[in-house]
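The values are calculated or read from the model by the stated rules, or taken from the named source; none is laboratory data. Because the structure is a prediction, the values reported are computed rather than measured. So basically every Cβ, Gly included, is an ideal-geometry build from the backbone, and we count neighbours across all protein chains shown. Calculation scope for accessible area: heavy atoms of the full protein, side chains included, ligands and nucleic acids excluded. Shrake-Rupley method; radii C 1.70, N 1.55, O 1.52, S 1.80 Å.
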Amino acid sequence: MVIPALNEAANLRRILPDLPPVDEVILVDGRSSDGTVEAAREAMPQIRVVTQTRRGKGNALACGFASATADIIVMFDADGSADPKEIARFVDALQSGADFAKGSREMTGGGSEDLTRIRGLGNRGLTVVANVLFRQRFSDLCYGYNAFWRDIVPVLDLPDPAIRDIHKNMLWGDGFEVETVINCRVAAGGLRVREVPSRERNRIHGESNLHAVSDGLRVLRTLMAEWNRARRPAQQPGSADRSASRSGARQELHSA
């Protein structure tokens, strides 16, 4: 599990004890000032802590992906909006042949306690645009609860987390656009996507930084930028190589 966090001490004290047994939990800290790291270690002594190298949620996720050693990576928010009981659904989807398990609040069994009417309408409209551009059948574009096999990280091609620069402008993919970037690159890479019903809960403590209009426009710009990128020829890792590398992992997970 990769958990990006910036000043989420109060939330981590609540959510970490509820996580199911997993091989590794990686907290990627954005240089918090509220004791986030200390709270996480108190709640889960075995947690691995990584300090992100630049700014933004995208960079935090890239740092976590690069540090992960388990076969499956789960993207998990630190605000308490994701239900840890749903992780088994994502793993089952991957075990059944998907490369990428995408959470959906729009499927039967899913929903949201947090999504406003305006944001919901905007999400549906942006989902239609994404489906037209990338020839997909997504039901929920703007949702960040996802899981995937670690061997597809090269397909995501996120900005190199080894580049350390916390003062200058963020690189493309370092910010909140990362979730749309990931969805677009998964689609452009021809990966097998399976949607999983998920219910988004309210943030436990603090306030969300989301803004319906500005964030919607940012997602739209991201879709167009990624569509133009997808039209340029690029070499992706072969699906046969990925399938072969997972056979042992599937057996281990099944036996566990």
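By how many nm would the segment from residue 107 to residue 22 grow when fully extended, if each residue of separation counts as 0.36 nm and the alpha-carbon distance is taken off?
Contour length minus Cα-Cα distance gives 28.0 nm.
To the nearest 20 Debye, how big is the dipole of the chain about its Cα centre, given +1 on the beta carbon of each Lys and Arg and -1 on that of each Asp and Glu?
Approximately 800 debye in magnitude.
For residue 85 and residue 229, what is the calculated FRET efficiency with R₀ set at 30 Å and r taken between the beta-carbons, to the nearest 0.05?
0.25
Once R0 is set to 22 Å, what does the formula 1/(1 + (r/R0)^6) return for the Cβ-Cβ distance between residue 14 and residue 48, expressed as a FRET efficiency to the nearest 0.05?
With R0 = 22 Å, the Cβ-Cβ based efficiency is 0.65.
In deg cm²/dmol and to the nearest 500, what is the mean residue ellipticity at 222 nm of the chain if only DSSP H runs of at least 4 residues count, each as -39500 (n - 2.57), divided by the residue total?
The per-residue figure over the chain is -12500 deg cm²/dmol.
Can you bin the stretch 52-91 into rounded, prolate or oblate? Criterion: square roots of the alpha carbon gyration tensor eigenvalues sorted a ≥ b ≥ c, rounded for a/c under 1.5, prolate for a/b above b/c, oblate for the rest.
Because a/c hits 1.5 or more and a/b fails to exceed b/c, the stretch 52-91 counts as oblate.
Could you tell me what percent of the DSSP beta bridges with both partners in the chain are antiparallel, to the nearest 5?
DSSP beta bridges in the chain are roughly 30 percent antiparallel.
Looking at the stretch 62-136, which GluC sites (Glu not before Pro) are in a loop (DSSP not H, G, I, E or B) and have at most 14 other Cβ atoms within 10 Å?
113
Once you order the gyration tensor axes a ≥ b ≥ c over the Cα atoms, which shape class does the chain get: rounded for a/c under 1.5, otherwise prolate or oblate by comparing a/b with b/c?
Rounded shape, in that the Cα axes give a/c under 1.5.
How long is the gain from residue 205 to residue 117 if the chain were fully straight, where each residue apart is worth 0.36 nm and the alpha carbon distance is subtracted?
Here the answer is 29.5 nm.
Just check the stretch 45-127 against the gyration tensor rule for me: Cα atoms, a ≥ b ≥ c as the square roots of the eigenvalues, rounded for a/c under 1.5, and otherwise prolate or oblate depending on whether a/b exceeds b/c.
In terms of gyration-tensor shape, oblate.
Give me the percent relative contact order of the stretch 1-159, please, defined on Cα pairs under 8 angstrom at least 6 residues apart.
Relative contact order, the stretch 1-159: 25 percent.
Accessible area of the stretch 100-197 with a 1.4 Å probe: how many percent of it is carbon plus sulfur?
53 percent
Could you sort the peptides 224-233, 132-141 by per-residue average Cβ neighbour count (10 Å cutoff), highest mean leading?
Going from most to least packed, we get 132-141, 224-233.
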